[in-house]
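The values are calculated or read from the model by the stated rules, or taken from the named source; none is laboratory data. Everything numeric here is computed off the predicted structure, so don't read it as measured data. For neighbour counting, all protein chains shown are included, and Cβ atoms are generated from backbone atoms with ideal geometry for every residue, glycine included. Remember, those area values only see protein heavy atoms, side chains included, never the ligands or the DNA or RNA. Shrake-Rupley method; radii C 1.70, N 1.55, O 1.52, S 1.80 Å.
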Amino acid sequence: MPHRRLTRVKSALLDRFWAPLASAHLLRTIRQIRPEVIWAIPHNWSILPLGSVLPKTGIGFHVTMQDYVDVHGQAKKFGSAQCRRMAESADLLYAAATTRDATSHPMIEDLQKRTGAEAAQMLHAGLEEQDFWFLESKDASHPIEIRIAHAGTILKQEEFALFVKALAQARPVLPLPISLHLFGAHSYATSRWFDPSWMHEHGNLPEEKLLDALRQCTWGFAPMELTDHDPRYNRFSFPTKFIAYLTAGLPVITLAHQDSSMARMAATYKVGLLSHSTDASNLSEQLSGALAIPMPRGKYRAEIIRCARTEFDANRMRHELRGCFSRASSAKS
């Protein structure tokens, strides 16, 4: 796979040899299975065979657009020309789909503006009815420790280091001890900012155990890039950790550029602290005020539930998705 070395050569090999073979294999599989409808999630190199085959099968298909292909420095890995071609192919596939959805409201707006195609809904992780029952029935209590959770990979070390520096400055003035809890597949124990005296790594937990662990925390931390250096990710993707915190009933500390998808969500629903600050001292003051709230779950519960019900209701999303599949199946020619 193209990564850093010989990206043009590797991309050319994938484009000229692997993509035609993958397209032929996909077409044979479709003819063998004869599906009523196809659900496609264009991602990286899968875009080439999907874009080549699906519009020509005569079978209705639904497209879920998650991350754009030209994010996280993919142009350096794949080659800029190849990356641009895959991005264009993904747009054409999205436009050609019978029905479609995307991962954030800004992405839906962007795709409609550029392709003219409307999406049925924003599709993402969601809360089940038992999760809403937990949010609505769980009594808010006074925490004896401020436990801040971060779930998933730390994509931007600079923003995370800034947060840790600001948090370290705020610790002495807060009424309760603070601990930072990291959940995910990667270890950050060797990072310069890591302090084992108040930071703890829990590894990559199964979904149910992760949810239980998050529910033992006080806040969730959701960072994105504070600059707009990677706008196609920052403005249009939406990290699942934000939804995981809502599911656990946690108020969210959102640290992100003001035009990012997550900042727009946090500005619409007052589920915690939203900051765009790039200065550690200023951020520390904001954290000191927010973390001093004696019962943060109680303060933000109503907005957490409103955000979850409006944007991330799993039952509603499944109902919408089944409707898309039904319409795509009816469109089979």
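So that you can scan it fast, the table gives a plain yes or no per residue for (1) surrounded by fewer than 17 Cβ atoms within 10 Å (Cβ to Cβ); (2) more than 19 Å from ARG171 (Cβ to Cβ); (3) touching a residue at least 12 places away in the same chain (Cβ under 8 Å):
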position: THR240; (1), (2), (3): yes, yes, yes
position: LEU246; (1), (2), (3): no, yes, yes
position: PRO251; (1), (2), (3): no, no, yes
position: ALA256; (1), (2), (3): no, yes, yes
position: ALA266; (1), (2), (3): no, yes, yes
position: ALA292; (1), (2), (3): yes, no, yes
position: PHE312; (1), (2), (3): no, yes, yes
position: PHE325; (1), (2), (3): no, yes, yes
Listed by range, helices (runs of 4 or more DSSP H) wholly within the stretch 1-111 having at least 2 residues that are closer than 25 Å to MET265 by Cβ and of a type in the set (Val, Ile, Thr) are none
Do we have TYR94 as buried (at least 20 other Cβ atoms within 10 Å of the Cβ), at pLDDT below 95 and under 26 Å from THR240 (Cα atoms) here?
no
Taking the stretch 294-310 and the residues there that are within 28 Å of ASP101 (Cα to Cα) and of a type outside the set (S, T, N, Q), the one that is most open to solvent (accessible area, probe 1.4 Å) would be ARG306
Output for Cβ contacts, cut-off 7 Å, separation at least six or different chains, first residue closer than 20 Å to GLU207 by Cβ in the stretch 136-153, second open to solvent by 60 Å² or more (accessible area, probe 1.4 Å) and not polar (S, T, N, Q), reads THR153/HIS186
